[in-house]
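Have a look at the structure below before the remarks.
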Amino acid sequence: MQLVVARIGRAHGIKGEVTVEVRTDEPELRLGPGAVLLTDPASTGPLTIETGRVHSGRLLLRFEGVRDRTAAEALRNTLLIAEIDPEELPEEEDEYYDHQLMDLDVVLADGTEIGVITEISHLPSQDLFIVERPDGTELMIPFVGEIVTEIDLENQRAVIDPPPGLIDDRAEIASARDAETEGE
């Protein structure tokens with residue numbers, strides 16, 4: 001299974017380093033020295049990480065064979081892709097890999113459908129589920145225990161208990177559900 005773990009940003013300095021936008025919650029495992037990553041577009045890779053360091057809160061990588069700013073800048077916007085075993089699980093019990101969460105149905109505790117997880121955004125303060133609603137709009141759900149109360153991989157769903165205002169039309173959902181119940 002292939003997993004996008006980062007996107008290469010701009011060149012940093014003149015010795016071939018690049019900034020990267022991390023898209024994995026395990027950068028130390030996926031983006032460490034010696035890691036060989038596939039790329040999109042494929043014509044730029046595979047790339048082997050030679051060194052990595054954090055500078056001013058950003059991860060900087062240098063790849064084997066990339067020795068100057070021009071070569072580094074040519075990699076800009078390239079996606080870095082890791083090959084992972086689909087059976088591999090995180091060490092902690094309540095941790096999940098992005099690929100496990102993608103395409104889960106997002107529902108309220110009473111089963112009301114909210115949408116489907118289409119992306120996980122890893123921000124410095126917390127992770128967010130990007131959820132596509134049935135009408136095609138997107139919703140951002142913070143992946144915190146107070147809101148995401150259950151991840152049920154067996155039934156392919158994430159149960160949420162959103163605070164008021166997180167789901168702007170929650171009142172509409174409730175009234176639609178009540179109308180269905182009255183019609184039965």
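What follows is calculated from the coordinates using simple rules that are stated; it is not laboratory data. Because the structure is a prediction, the values reported are computed rather than measured. We place every Cβ from the backbone using ideal geometry, glycine too, and count neighbours over all the protein chains shown.
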If contacts are Cα pairs under 8 angstrom and at least 6 residues apart, what is the relative contact order of the chain in percent?
-> 17 percent
Rounded to whole Hz, the Karplus (6.51, -1.76, 1.60) HN-Hα couplings of segment 28-43, x for glycine and proline | 5, 7, 8, 10, x, x, x, 5, 9, 10, 6, 9, 10, x, 5, 5
Cα-centre dipole for segment 2-83 with unit charges at Cβ (Lys and Arg positive, Asp and Glu negative), debye to 20 = 320 debye
Any idea what angle helix 170-183 forms with the longest principal axis of the chain, computed on alpha-carbon atoms, 0 to 90 degrees, nearest 10?
-> 40 degrees
Given the convex hull of the Cα atoms of segment 2-83, what is a quarter of its surface area in nm²?
-> 4.5 nm²
Could you work out the helix-only [θ] at 222 nm for the chain, with each DSSP H run of four or more residues adding -39,500 (n - 2.57) and the total divided by the number of residues, to the nearest 500 deg cm²/dmol?
-> -3500 deg cm²/dmol
Within the chain, what's the longest run with no trypsin sites (Lys or Arg not before Pro) in a DSSP loop and at most 14 other beta-carbon atoms within 10 Å? Give the range, please.
-> 77-184
Of the GluC sites (Glu not before Pro) in segment 1-82, which ones lie in a loop per DSSP and count no more than 15 other C-beta atoms within 10 Å?
-> GLU64
Could you calculate, for the chain, the ratio of the Cα radius of gyration to the Kirkwood radius, expressed as Rg to Rh?
-> 1.08
Assigning unit charges at the beta carbon (Lys, Arg +1; Asp, Glu -1) and nothing else, what dipole magnitude in debye, to the nearest 20, does the chain show about its Cα centre?
-> 1900 debye
